[in-house]
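Trainee: Take a look at the following structure, please.
The values are calculated or read from the model by the stated rules, or taken from the named source; none is laboratory data. Since we're looking at a predicted model, the values are computed, not measured. No Cβ is skipped: glycine too gets one built from the backbone with ideal geometry, and neighbour counts run over all protein chains shown.
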Amino acid sequence: MNERRIPIRSDLDIVNARVGARDLAKALGFGIIDQARVATAISELARNIVLYAGSGEVLLRRVHDGRRVGVEAICVDQGPGIPNIELAMQNGYSTSNGLGMGLPGTKRLMDEFEIESAPGQGTRVTIRKWLR
């Protein structure tokens with residue numbers, strides 16, 4: 001599998017995205033710990049899609065930059081957007097009475113993390129984990 005698109009609309013889709021991410025990481029040779037990190041990060045982002053936007057998509061794919069190979073996930077929704085990304089990236093911040101670990105926790109689990117969002121325009125999060 002070089003690329004897989006997973007529509008996200010329900011808890012079952014979150015599970016499918018998590019399993020797909022873990023399977024891709026395993027196929028690329030990631031160890032069990034990094035497989036779990038990738039799966040957890042995807043699960044958090046997919047859950048945010050369901051919780052805040054209602055629906056969206058996760059694109060999972062193999063990436064390489066010439067000297068290394070990795071897993072990339074692009075999580076996109078057309079939801080309400082994040083009015084203050086800096087605030088949303090702070091540990092403990094939550095708008096859903098959760099623990100506030102979703103976005104900052106995802107960033108810590110991965111090697112690269114990019115987020116684009118604006119009120120009324122949805123959110124796009126791109127994450128990468130490189131094989132060591």
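Trainee: Report yes if some residue within segment 108-118 is surrounded by fewer than 22 Cβ atoms within 10 Å (Cβ to Cβ), assigned to a loop (DSSP other than H, G, I, E, B) and at pLDDT below 95; otherwise report no.
Mentor: Yes; the residues of segment 108-118 include at least one that is surrounded by fewer than 22 Cβ atoms within 10 Å (Cβ to Cβ), assigned to a loop (DSSP other than H, G, I, E, B) and at pLDDT below 95.
Trainee: When ALA41 is evaluated against the numbered criteria (1) hydrophobic (A, V, I, L, M, F, W, C); (2) surrounded by 14 or more Cβ atoms within 10 Å (Cβ to Cβ); (3) over 11 Å from the mean Cα position of the chain (by Cα); (4) over 18 Å from GLN121 (Cα atoms), which criterion, by number, is the only one it fails?
Mentor: Every listed condition holds for ALA41 apart from (3).
Trainee: Output the residue which, of all residues in segment 66-93 that are touching a residue at least 40 places away in the same chain (Cβ under 8 Å) and in a loop (DSSP other than H, G, I, E, B), is surrounded by the fewest Cβ atoms within 10 Å (Cβ to Cβ).
Mentor: The extreme case among them is ARG68.
Trainee: Go through segment 57-94 residue by residue and tally those that are over 26 Å from GLY31 (Cα atoms) and among the small types (Gly, Ala, Ser).
Mentor: Of the residues in segment 57-94, 5 are over 26 Å from GLY31 (Cα atoms) and among the small types (Gly, Ala, Ser).
Trainee: What are the residues in segment 1-17 that are part of a loop (DSSP other than H, G, I, E, B) and out of contact with any Lys or Arg (no Cβ under 6 Å at 6 or more places or on another chain), if any?
Mentor: The answer is MET1, ARG9, SER10.
Trainee: Turning to a different aspect of this structure: Can you pull out every residue in segment 18-55 that is outside any helix (DSSP H, G or I) and in contact (Cβ under 8 Å) with a residue 40 or more places away in the chain?
Mentor: LEU28, GLY29, PHE30, GLY54, SER55
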